[in-house]
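Enquirer: What follows is a single structure, and I will ask about it in a moment.
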Amino acid sequence: MFKRLVFFVGVGVALAGCQESGKYASNAKARAPIPAQTVALMQEKGMKQSSPILIRSYKKESELEVWKMGPNGRYALLKTYAICRWSGQLGPKKKEGDRQAPEGFYTITPALMNPNSSYYLSFDTGYPNTYDRANGRTGSHLMVHGACSSAGCYSMTDEQIAEIYSIGREAFNGGQRKFQFQAYPFRMTAENMAKHRLDPNIDFWRNLKEGSDHFEATGQEPAVAVCGKRYVFNARNSNRFNASGACPALDIDPAISQVVSAKSKADEAKIADLLSKGTPAVRLVYQDGGQHPVFTGGRQPGSSSLLAFSRRAPNYDASLVSRPDALAAGPQEIVVHDGRAPVTQSAVATAPAARNTAASIAAGPISRPAAAVAATTQPTVEGQSLLTRMMSFTGFGSSAKTSPAAEAIVAASNPAPTAASAATPVTVTPPARPATPGLTGIW
């Protein structure tokens, strides 16, 4: 009798384990194998289907990357996917209904994989995380899914999400218990940080760049914690942290600190050089998010690392794209400060339209024509030292109070910004570093 009881208990445990793994592979879509072409790419790079993964996304470039651990124990880029649709503006999600797609560091477990998604397949980002809750942010059910339709999510084509889902499933089946999803406003390059240095979100974005630097410098998934309402990376004493309380002295492996510091200093030197050459500070304002230009007529680039579907690709119906009207005009690039001389309406040139050729897509994001450029007049910075201008970038040389004109720049991020009259230039003071950076987005 005892043996029979042990047998049935054992069977029950085994079945429970199968059911647990079946939660993210319970139908034909969720059980689809990784495409042969992608398996071949893994083999070419010395990766296994079962090895751990990490995912990174970038709003401005509308790209999502899947990284996989290689034989040397470091993560390497497997493949880049063109994002079919994201909504809102550059900047974090703050509250329910603001249409913002989240930015930050999120942990994806098997329980967050959804094989029965209304948007083909999906995984939940896990928003709000500890950081979001510490900063009073609200919202839920923000996904990476198919269907090319977004109201706060990162939306792929059905074919893309099927492949991404299968890669994640095999990593879980191989023993990975969770993977990291890093969501950024743009690639954390010196050029982007210099161009967006006066954005109200810049303090938050610098915090994200710290995590990006840890990943790129070490090739390892950074351990993420929160204290002082900020992200902290690779701290060995994170078990003592209070997400809302002040951070204690951080205990970080000196070997990690050294390589991360070297990368950060190299980027800071590039930023200083860009500012010395008069790189303008800009704001990108979207009607309601964006999508990769390959979906609006561009061709699939020659690089085998980029999987980008055209409008004629399987499982992509352009008529289902959310808010196509908001995509038509593209983002406005508003010059907040030209980095050198005063800016007036007559001096601001509209960016020329870039043709969506294979070469231009492979080289980077497509430049879209500006629908309107805000008329701005800036106090001159001629005669100021490079140190003073660097202080402006870091926020140390700014007043603690944001000026009304700076608040007007934030207001320009509403759904339908209106260009100022050429005859009535508007004076704009570069915004000071705000106490609570960020936009809440739009309905």
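Computed from the coordinates by the stated procedures, all read-outs in this text should not be read as laboratory data. From a predicted model like this one, the values you see are computed outputs, not experimental measurements. No Cβ is skipped: glycine too gets one built from the backbone with ideal geometry, and neighbour counts run over all protein chains shown.
Enquirer: Among the residues of segment 225-250, which ones are in contact (Cβ under 8 Å) with a residue 40 or more places away in the chain and part of a loop (DSSP other than H, G, I, E, B)?
Expert: Matches in segment 225-250: LYS229, ALA243, SER244.
Enquirer: Residues to consider are ASP158, ASP124, ASP132; find the one that is of a type in the set (Asp, Glu) and without any contact (Cβ under 8 Å) to a residue 24 or more places away in the chain.
Expert: Answer to the check: ASP124.
Enquirer: Within segment 52-104, which residues are small (Gly, Ala, Ser) and on the phi < 0 side of the Ramachandran plot?
Expert: SER57, GLY70, ALA76, ALA82, SER87, ALA101
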